[in-house]
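A.B. asks: Let me begin by handing over the structure; questions about it come next.
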Amino acid sequence: MADNSYAIEVKQASKAGYFTPAEARSYYGKYSRDGVTYHWWNSPNAIGGSAKDHDSIVNYLNGRAAQGQAPTVNYVASEPKLTFCIAPENVAWTSSAGNPTTVGVECSPHFTEAFYKKLGWLHDQLEQRFNKTLKIYVHFEWQPGTACSPIVKSKIRSYADWWKKQRQAPPAPAPKPTPPPASNTVTLKIADIKNKKVKIVRNTSLWDLGFKTYATAKAVKPLAAGTIVEVSATAKHPLGSTYYLSEYSYSRGVGNGINVKDCVDYVDPVAPPKDTSVVQPPKDAPINEAPVITPTPTPVPIPVTTVEKNVVIAFLEGIIVSIRAFIDKLKG
Ligand SMILES: [Zn+2]
């Protein structure tokens, strides 16, 4: 059931309360899904139309199912709610002789137009599920004397057909564009382009593009040949010519443009590549004025001379001799 126009609550009934198709074949000697039998629960005076009343119907029927007792039902429906109790392929015990061949739907007895529309939706969903037209029954047709006859079957049918038509309707065609109202404004087809520079190749003008005829085109300012302009959009005028919009005009929504025929693309001249093999000092760097660096003097190691031990001893003994002589002199 692809469509989900109405929420379906699932309150699965006990297996004790229904037959599988195989069980139905065995019990009734037949099984098919050829129709849907709609029931009228109790009476409008005895039961309300609220969600709570709906729940009480579900609880009662599922309670019966738990005990393995009829009546049980595939769906319970009311305007506020829709509850799935037993899969429609399985056979609920609610329609007497209609059980083996029809799906059972127990309905709140408060039938409004909105409720019929909802039942039509459910019916269409079931027809999709079984891929066939399902005949509409009320309980009365299977068991004379039951109270289900007030249900208007034709309303369910017509709403089911309406839902089917909604599903099958081709997607609504896109609304035709409304032609713009005639006015004094000129509609320019503006196309954003990658910003680029153009060079004006002949003396011309920046034009106010609001003109309706070329003869009445108004120059905003003269543009001399050689002028470089950065442009960022093109504007196609309804009369046919295309204009460049300057970055300034485009970003400010100003409708002034330069005829593309008066322009050529302009690329800034590229400086010749520098020879990077030799590092050139910057032009303004002082040349030959490098700071003079005073080298820190490196301490020179004093060479160690190997002297004969005996020579040193003789030298020291010589000093001792001299000192003694000097002391003797002082004593003397
Ligand atoms: Zn009934």
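Laboratory data are not the source of any read-out in this text; all were calculated from the coordinates shown. Computed from a prediction, not measured in an experiment: that's the story for all the values here. Note that we place each Cβ from the backbone using ideal geometry, even for glycine, and neighbour counts take in every protein chain shown.
A.B. asks: Mind ranking 15-22, 41-48 by how tightly packed they are, going by the mean number of other C-beta atoms within 10 angstrom, highest first?
C.D. replies: On the way: 15-22: 16.5, 41-48: 14.1.
By packing density, highest mean first, the sequence is 15-22, 41-48.
A.B. asks: Quick one: what do you get for the range 9-166 if you divide its Cα Rg by 2.2 N^0.38 Å?
C.D. replies: Normalised Rg, Cα atoms only: 0.95.
A.B. asks: Here's something else I'd like to know. Fewest to most neighbouring Cβ within 10 Å: what's the order for E317, E247? Don't skip to the end; give the middle numbers.
C.D. replies: Working: E317 10, E247 15.
Listed from fewest to most nearby Cβ atoms, that is E317, E247.
A.B. asks: Which lysines does K15 reach when only Cα atoms under 29 Å apart count, and residues fewer than 8 places away in its own chain are ignored?
C.D. replies: Partners within reach: K30, K52, K81, K118, K132, K135.
A.B. asks: Still on this structure, please answer the following. If amide H atoms are built 1.01 Å from N in the plane of the peptide, which residues on other chains or at least 5 residues away come under 5 Å of the amide H of V73?
C.D. replies: W93
A.B. asks: Step through the residues of the range 129-138 one at a time and calculate ³J(HN,Hα) from phi using the Karplus curve (6.51 cos²θ - 1.76 cosθ + 1.60, θ = phi - 60°), rounding each to whole Hz and writing x for Gly and Pro.
C.D. replies: Coupling constants for the range 129-138: 5, 9, 6, 7, 6, 9, 5, 9, 10, 10 Hz.
A.B. asks: Still on this structure, please answer the following. Given H placed 1.01 Å from N in the peptide plane, which residues other than close sequence neighbours of I190 have an amide H under 5 Å from its amide H?
C.D. replies: Counting only residues 5 or more places away or on other chains, the set is K236.
A.B. asks: Further question on the same structure: Tell me, how many Å apart are the Cα centres for the range 311-332 and for the range 196-210?
C.D. replies: 115 Å
A.B. asks: Looking at the range 1-101, what % of the alpha carbon pairs are farther apart than 16 Å? All intermediate terms of the calculation are to be shown ahead of the outcome.
C.D. replies: On the way: 2865 of 5050 pairs.
Counting every Cα pair in the range 1-101, those more than 16 Å apart make up 57 percent.
A.B. asks: Expressed as a whole percent, how much of the Cα-Cα distance distribution for the range 71-130 exceeds 17 Å?
C.D. replies: Values: 659 of 1770 pairs.
Looking at the range 71-130, the distances longer than 17 Å represent 37 percent of pairs.
A.B. asks: Now for a separate question. Restricting things to alpha carbons, tell me how big the range 211-265 is in terms of Rg and Dmax, in Å.
C.D. replies: Expressed in Å, the Cα Rg and Dmax of the range 211-265 come to 11.0, 29.
A.B. asks: Which far-off residues, 5 or more places away or on another chain, put their amide H under 5 Å from the one on A233, with H placed in the peptide plane?
C.D. replies: I193, L245
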